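One structure is given here, and the rest of the page talks about it.
The values are calculated or read from the model by the stated rules, or taken from the named source; none is laboratory data. This one's a predicted model, so the numbers in the text were calculated from it and none came from an experiment. Virtual Cβ from ideal backbone geometry, glycine too; neighbours counted across all protein chains shown. Only protein heavy atoms, including side chains, enter the accessible area calculation; ligands, DNA and RNA are left aside. Shrake-Rupley method; radii C 1.70, N 1.55, O 1.52, S 1.80 Å.
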Amino acid sequence: MKFWKDLILSSCRELGSSVVSVTILKERFRRKGTVPYCLNTVFHDMLSKRELCSDILLKDHGKTGVYGLNLWTVGQLVKTPLVWSYETVRAITGFVTFNESDSYIVKSIAVEHIKIIENVVATQNLQNKTMKYEDFLFILFQSSNITRNGVYPPIIFLEKEKRLTTKTVIIDDTKTILIKFASIDGIVHPITSIEKSIYEIEQRENRLVEDITSIEHDIGQTMEKVRQHIQNGQKQMAKTLLKKKHILEKSMHLKITALDTLQGILQKIHNCQSDENVIKAYQLGTDALKNVLNTSGITIEQLDNTVTEMKYVLEQHNEMLSMISAVPTDDIDELELELELGDLIDMKLTESNIEKHNISTPALVPPVENRPSNAHDFDTEIEKRLAALRVDIESSKLASNAQ
């Protein structure tokens, strides 16, 4: 049983489709004209273990069963923890007989294909982008080995999970299927009329680009023919082709103008969508800030009272600092102190019995008219007197030692 199940899974991966049937597998596994006859038993086992689901459950996922149950709902019931036997599910869905030509979905392969599709969508930046279903299939087929028959089951699964949406529209009298994928970890929204209009404008833009490219190619070929006719001396033919060239150039200029207009419209639409996202972001930020303010309990009145109280405390502090620095100073004149110090020095010299005329120092106490005019000069005078005092004291000590 395990061998045949693994072989079925391997075959589905290789062929890029999760859709199988007993008839298809018999032909696929035919060897030397012999087909395996155990596939019916394998299918019954896989159905009973919910490893397969009927293709009808996908094709008729929007219809109603015989018991008023949505067939997709039945498919979901199979996934419940209850042990549903194949016979029970068959009774609910109305499958009375087992037909070898009936198609079934290998769930594990379908899940693998779902992951591949979502990876392609993320890699190609196709989230929230409306595009033609055939264009998406072209991108998918280039990026994986999933076949057209195998892409249907994962698409249905993704649509039921609201990971993508489809819409059939009429564009230029042609029936077109549009598809849009959800963003990462998001839910897709239905395709709106605005998105349909954007898609139509983009398609017209692409056609204009193709037309302009084709006209440029025609102009190049026409000029090449003109040169050939000139070389052959066929001036009238060259003139006719030049007229054709001018007509093509006028047509190309008209299409270029139309293309510029369409591109301008698309750019404005995209700008509006971007502005809408910015406004939504502003609104979310405003709501978040309101919630924060409401949660914190901060109000304008509280803030105003706090600021006022802070200003009052700072003013008091500055006033205290001003009072501390304004300490009253003594009214004693520094110059008088210096004069008194000079007199004391003169008295000390007199008591030491040192004749002043033997000391080469300036007068101890200069007359009032000869006294220094400023405090700096007077300080210099005092330093000189102190130096003379030290010399006199040292001289007296030497004389006493000699005696």
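Odds and ends about this structure:
- Flag if residue 235 is basic (Lys, Arg) and open to solvent by less than 90 Å² (accessible area, probe 1.4 Å): no
- Leading residue by the ranking (nearest to residue 108 (Cα to Cα)) among those in the stretch 7-25 that are free of Cβ contacts under 8 Å to residues at least 40 places away in the same chain and open to solvent by less than 40 Å² (accessible area, probe 1.4 Å): 11
- All positions within the stretch 143-199 that are of a type in the set (D, E, K, R) and in contact with a strand residue (DSSP E or B) (Cβ under 8 Å, 6 or more places away or on another chain): 159, 163, 167, 175, 180, 195, 196
- Residues of the stretch 257-314 classified as aromatic (Phe, Trp, Tyr) and more than 30 Å from residue 202 (Cβ to Cβ), total: 1
- Selection over the stretch 172-187 of residues that are in contact (Cβ under 8 Å) with a residue 60 or more places away in the chain and open to solvent by less than 60 Å² (accessible area, probe 1.4 Å) gives a count of 1.
- Identity of the residue in the stretch 99-144, among the small types (Gly, Ala, Ser) and over 15 Å from residue 183 (Cα atoms), that ends up surrounded by the most Cβ atoms within 10 Å (Cβ to Cβ): 110
- Residues within the stretch 29-44 that are under 25 Å from residue 146 (Cα atoms) and surrounded by 15 or more Cβ atoms within 10 Å (Cβ to Cβ), tallied: 4
- Residue match in the stretch 75-82 (condition: open to solvent by less than 60 Å² (accessible area, probe 1.4 Å) and either touching a strand residue (DSSP E or B) at 6+ places or on another chain (Cβ under 6 Å) or modelled with pLDDT of 90 or more (or both)): yes
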